[in-house]
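The values are calculated or read from the model by the stated rules, or taken from the named source; none is laboratory data. Computed from a predicted structure; not experimentally measured. Glycine also receives a Cβ, built like all others from the backbone with ideal geometry; neighbour counts cover every protein chain displayed. The area values use the complete protein model at the heavy-atom level, side chains included, leaving out ligands, DNA and RNA. Shrake-Rupley method; radii C 1.70, N 1.55, O 1.52, S 1.80 Å.
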Amino acid sequence: MLQGALAGLAAGGLYAVLAVCLTLMSRLVRVVNFAQSATGMFGCYVAVWLSVHVGLPTWAATVVGIVLGGGLSALLGWIISTWLAEADIGTRSAVTVAVLLLLISLSFILFGNKPQPFHPILDGPAFSVNGVVVSQVTVVTVVLSVVIALGCRALLTKTSFGLELRALSERPTTAELMGIPAKPLAVAVWAATGLLSTLVISIVAPSQSNDATSLSMLVVPASAAALLGGFRRLDLAVVGGLVLGMAQGAVAQVDSLSVVRYFLPFLVIVGLLLWSQRKEVWDVAR
Amino acid sequence: MNALQVQGITVTRGAGPVIRDVGFTLEPGRITALVGPNGAGKTSLLEAISGVVPAARGSVRIGSTEITKHSRVARAKLGLAHIEQGRAVFPGLTVLENLKLTARTWPRVEEVLALFPELDKRRNSPTALLSGGEQQMVVLARAFAARPKFLLIDEMSLGLAPVVFTRLLPMVTRFASEGAAILLVEQFTHLALGVSQDAIVVSSGRVTYQGSAQDLLAAPETLHSAYLGE
Ligand SMILES: Nc1ncnc2c1ncn2[C@@H]1O[C@H](COP(=O)(O)OP(=O)(O)OP(=O)(O)O)[C@@H](O)[C@H]1O
Ligand SMILES: [Mg+2]
C-alpha cells in the first residue's frame, strides 16, 4: 500500500501542478482550459521529435518544447481574449475542447499513434522510506507543485501585477476603465500556465503512460483536484492532486481493485459535484 | 490644460439610436451636470465617451487628440476616468488594494484616505463588507487617487440616503477646484445643479437644454419642459 501510494506521488505532483494551472485559469481568465495538458503534451512531443530527428541534446529540446507549450497557450489565450472577450465562461471553455481534440489529432498526424521514445530528464532514486524507493521525479514534482502554488499566491497577494490580475478577474470592464490592460495580462496568464504544464509533463511523462491521448486526458484528474478547491483555492488544488495520485497508486497495488484507479478521477468529480449540490440544498432548506 | 470635446455623438443600442447627435465640451475646473429621465441615454453617452460602447457617429477629443477609436485603456492613460452606474467596487479587494490600483505612490494613497476618514478606519477590510455608502466612497476615492483630468460620474447617489450623498458631493467640488473637468450624472437634479456651472438635459436621446446650471435651477418650468423633451 505505502509502496503504491509513494509510487503514485509522482503522478500526484503532476495532477497538482495541472490543477493549480486550471485554478489560475478559471479564476483569472474565466476559462476551464480542457486543453491544459494537451498543450503540454504537444510541447513535449515536439521536444522528443527534436531530440530524435534533429539530434538536439535532451535539455535543449526540452527547453524548446516548454517554450513552445507556453507559446501555444499564449496564442490560444490571445485568440480567446480577442474574439471572445465578452463571452461567458461556458463558451470560452468550449473553444478549448476543440483545441484539445485538434492537438490530439495533430500529434497523431505528425508523430504517429505510438508512444514516444521519451528521454528521462531526471532518473534514479532520491531516497528510500522503509525500503520503499522514492524517485527523483517524485521529489521534484511534489516540491514543484508546492513551490508553484506558494509562488502564485505570493504573486497574487503581494505584487501590483497580481493585484491587477485580481481586479481584472472581478470586474474586467471597470479594471480596463482604470487603465489596466486586460488582454496583455490575460495572455501572460495563458503563457505562464502553458509553460508550467509543459514543464511538469516533460518531467513526469517519461515515467508514465505517455501516448498523446493519455497525456491530454491528464486534464481529467487535474480537474478533479481543482474541483476540491472549487477552482478557486490553490492549496486545496495541490492537496487534491497529491492525494488523488497516492490513492490511485495505492489502489493499483490491490489486484482486484487495480482497474478502479482509472475511474477514480471520475468518481472524485462526481462525488464532489454531488456533495457541493447537497450543501446548496441544505442551505436552501434552512 | 486641455478640454474634452464631444461632437455629434450618436450611440446605437439594440433597436436603434439611444443618443443622437450630442455635443458639448468639458473644461478644466468646471462641473457639468447631465440630467434627464430614466432611459434618456445618460449612461450610454458616458459609455461612449469612455469606450465601454462604440460611438456610431461623431467624435470625442482630448485637446487635439481624437480618441473616438481608442481602447478603454488608452483613454484612461490620457486622463479619463469613468465611475460606472451601480457600485463598481472590487468586492474581494481591501480598501487599500482598491486605492493602490490607481494611486501611483503611497503618499497619494494616504492623501486620499485623509479625505475619507471613514475609509481610513477600515483600510484593511474587504470592500464587500462595507456599507453601500462606504463602497461608493471607495469608488470615488479610487477615482481621485488616479488624479484624472476628466471624470465621468454616473449616479453616485444610486441607493444612497440623500444625507450620505450630500456628504460625498463636496468631494466632487473639491476635486474640480483642483483642476479636474467633471461630468456629473444625477437623479437628485437640484443637488447636482447646485454644485455645477454647466448643465445638459437629455430626453429620449436628444439634448433639450444646454447652458448655465444656475439659470436652469432658477427656472423650474424650463427644467420641467426639458425633461419632457419639449
Ligand atoms: N445593453 C443594452 N442593450 C440594449 N439596449 C440598452 C442597453 N443598455 C441600455 N439600453 C437602452 O438604451 C436606452 C438608454 O439607456 P441608458 O441606460 O443609457 O439610460 P439612462 O439615462 O442612463 O437611464 P437611468 O437614468 O435609468 O440610468 C434605454 O432605452 C435602454 O433600454
Ligand atoms: Mg443610467
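Observations on the structure shown:
- Scanning the stretch B:105-128 for residues that are touching a Phe, Trp or Tyr at 6+ places or on another chain (Cβ under 6 Å) and farther than 15 Å from A:GLU170 by Cβ turns up at least one hit.
- Residue within the stretch B:15-32 that is at pLDDT 95 or above, within 14 Å of chain A (Cβ to nearest Cβ) and within 16 Å of ligand 1 (Cβ to nearest atom) present: no
- Subset of the stretch B:38-82 that is within 25 Å of B:ALA145 (Cβ to Cβ) and assigned to a loop (DSSP other than H, G, I, E, B) - its residue that is farthest from the other protein chains (Cβ to nearest Cβ): B:GLY63
- Entry remark, the stretch B:170-207: residues being open to solvent by less than 40 Å² (accessible area, probe 1.4 Å) and not in a helix (DSSP H, G or I) number 16 in total.
- Within the stretch A:111-160, the set of residues being touching a strand residue (DSSP E or B) at 6+ places or on another chain (Cβ under 9 Å), part of a loop (DSSP other than H, G, I, E, B) and open to solvent by less than 40 Å² (accessible area, probe 1.4 Å) comprises just one member, A:GLY124.
- So B:ARG147, is it touching a helix residue (DSSP H, G or I) at 6+ places or on another chain (Cβ under 8 Å), within 16 Å of ligand 1 (Cβ to nearest atom), within 14 Å of chain A (Cβ to nearest Cβ) and part of a loop (DSSP other than H, G, I, E, B): no
- Some residue of the stretch B:97-106 being open to solvent by 30 Å² or more (accessible area, probe 1.4 Å), within 14 Å of chain A (Cβ to nearest Cβ) and of a type in the set (Ser, Thr, Tyr): yes
- Which numbered condition A:LEU165 misses (of (1) within 14 Å of another protein chain (Cβ to nearest Cβ); (2) open to solvent by 40 Å² or more (accessible area, probe 1.4 Å); (3) in a helix (DSSP H, G or I)): (2)
- For the stretch B:173-205, a residue qualifies if it is farther than 20 Å from B:PRO162 by Cβ and within 16 Å of ligand 2 (Cβ to nearest atom), and the qualifying residues are B:LEU183, B:ILE200, B:VAL201, B:VAL202, B:SER203, B:SER204, B:GLY205.
- Looking only at residues of the stretch B:114-144 that are of a type in the set (Gly, Ala, Ser) and farther than 16 Å from B:LEU93 by Cα, we find that the one that is most open to solvent (accessible area, probe 1.4 Å) is B:ALA114.
- Of the residues making up the stretch B:28-49, those that are away from ligand 2 (no atom under 11 Å from the Cβ) and surrounded by fewer than 17 Cβ atoms within 10 Å (Cβ to Cβ) are B:PRO28, B:GLY29.
- Residue within the stretch B:109-124 that is under 20 Å from B:GLN187 (Cβ atoms) and either away from chain A (no Cβ under 14 Å) or part of a helix (DSSP H, G or I) (or both) present: no
- For the residues A:ILE66, A:ILE104, A:ILE121, the requirement of being within 22 Å of A:ALA186 (Cα to Cα) and touching a helix residue (DSSP H, G or I) at 6+ places or on another chain (Cβ under 9 Å) singles out A:ILE66.
- Only one entry in A:GLY151, A:GLY77, A:GLY124 is more than 23 Å from the chain's Cα centre (by Cα) and away from every other protein chain (no Cβ under 14 Å), namely A:GLY124.
- Some residue of the stretch B:52-75 being within 16 Å of ligand 2 (Cβ to nearest atom) and either open to solvent by less than 20 Å² (accessible area, probe 1.4 Å) or over 21 Å from B:SER196 (Cα atoms) (or both): yes
- Number of positions in the stretch A:1-26 that are open to solvent by less than 10 Å² (accessible area, probe 1.4 Å) and in contact with a strand residue (DSSP E or B) (Cβ under 7 Å, 6 or more places away or on another chain): 1
- Residues being assigned to a helix (DSSP H, G or I) and either surrounded by fewer than 24 Cβ atoms within 10 Å (Cβ to Cβ) or at the interface with chain B (Cβ under 8 Å from one of its Cβ atoms) (or both) - total across the stretch A:176-188: 8
- Extreme residue, nearest to ligand 1 (Cβ to nearest atom), among residues of the stretch B:76-93 that are open to solvent by 30 Å² or more (accessible area, probe 1.4 Å) and more than 19 Å from B:GLU186 (Cα to Cα): B:PRO91
- A:ALA191 vs. criteria open to solvent by less than 40 Å² (accessible area, probe 1.4 Å), within 14 Å of chain B (Cβ to nearest Cβ) and of a type outside the set (Lys, Arg): no
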